[in-house]
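Comments concern the structure below.
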Amino acid sequence: MKNTKQYDGFSEAERAAMKDHAQELKKSARRDPATAKAEAEADVLAKIAEMPEADRVLGERLHDIIKANAPSLSPKLWYGMPAYAKDGKVVCFFQSAEKFKSRYATLGFSDQADLDDGAMWASAFALTTLTPADERRIAALVSRAAK
């Protein structure tokens, strides 16, 4: 019997994200250590500025919240997304809705984030807007995640 299943491989968006990551690694390796942090933050802000308005507003606000509440985290691009790292390892990231044609943007946390809460906890949050209560919750999460 002939196998009729076909492997389609990675989606166009997934391939683009992998290409972005390869370029980010090359760019990072070529940076002058004295200016690397400022350049990486400029890259993050430029990526946020390219986003559609709804995602851009979320991304700008998240950037401000993360910088204010987790100053130990360094902005960087990660697979074409704004991310925040500690000792070079991504702790949290912002995925715009446009990135993978999703209906909502996402604030995600890696396994480097110190968010453990029993045997089960959230590692990503869907975002459509940010209320003051949401901002306070995010501030507490990123502060905790960065420890």
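Listed values, structure above:
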| item | result |
| --- | --- |
| Cβ-Cβ under 8 Å pairs, at least 6 apart or on other chains, the range 2-16 side within 30 Å of Trp78 (Cβ to Cβ), far side surrounded by 10 or more Cβ atoms within 10 Å (Cβ to Cβ) and at pLDDT 70 or above | Phe10/Met18; Ser11/Phe100; Ala13/Lys99; Ala13/Phe100; Glu14/Phe100; Ala16/Gly80 |
| Whichever residue in the range 81-113 is among the charged types (D, E, K, R) and surrounded by 12 or more Cβ atoms within 10 Å (Cβ to Cβ) and, among such residues, is farthest from Lys19 (Cα to Cα) | Lys86 |
| Cβ pairs under 8 Å, 6+ apart, first in the range 48-64 and in contact (Cβ under 8 Å) with a residue 12 or more places away in the chain and within 16 Å of Glu135 (Cβ to Cβ), second among the β-branched types (Val, Ile, Thr) and surrounded by 18 or more Cβ atoms within 10 Å (Cβ to Cβ) | Gly59/Ile48; Glu60/Ile48; Leu62/Ile138; His63/Val44; His63/Ile48 |
| Residue within the range 60-68 that is over 13 Å from the mean Cα position of the chain (by Cα) and surrounded by 20 or more Cβ atoms within 10 Å (Cβ to Cβ) present | yes |
| Residues satisfying the stated conditions in the range 101-122, i.e. of a type in the set (Gly, Ala, Ser) and either modelled with pLDDT of 95 or more or closer than 14 Å to Lys147 by Cβ (or both) | Ala105, Gly108, Ser110, Ala113 |
| Residues satisfying the stated conditions in the range 44-59, i.e. buried (at least 18 other Cβ atoms within 10 Å of the Cβ) and either at pLDDT below 95 or of a type outside the set (Asp, Glu) (or both) | Val44, Lys47, Ile48, Met51, Leu58, Gly59 |
| Search result, residues across the range 115-134 that are closer than 15 Å to Ala105 by Cβ, in contact (Cβ under 8 Å) with a residue 12 or more places away in the chain and surrounded by 15 or more Cβ atoms within 10 Å (Cβ to Cβ) | Phe125, Leu127, Leu130 |
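The values are calculated or read from the model by the stated rules, or taken from the named source; none is laboratory data. If you're wondering where the values come from, they're calculated on a predicted model, not measured in any experiment. Don't worry about glycine lacking a Cβ; one is built from the backbone with ideal geometry, like all the others, and counts go over all protein chains shown.
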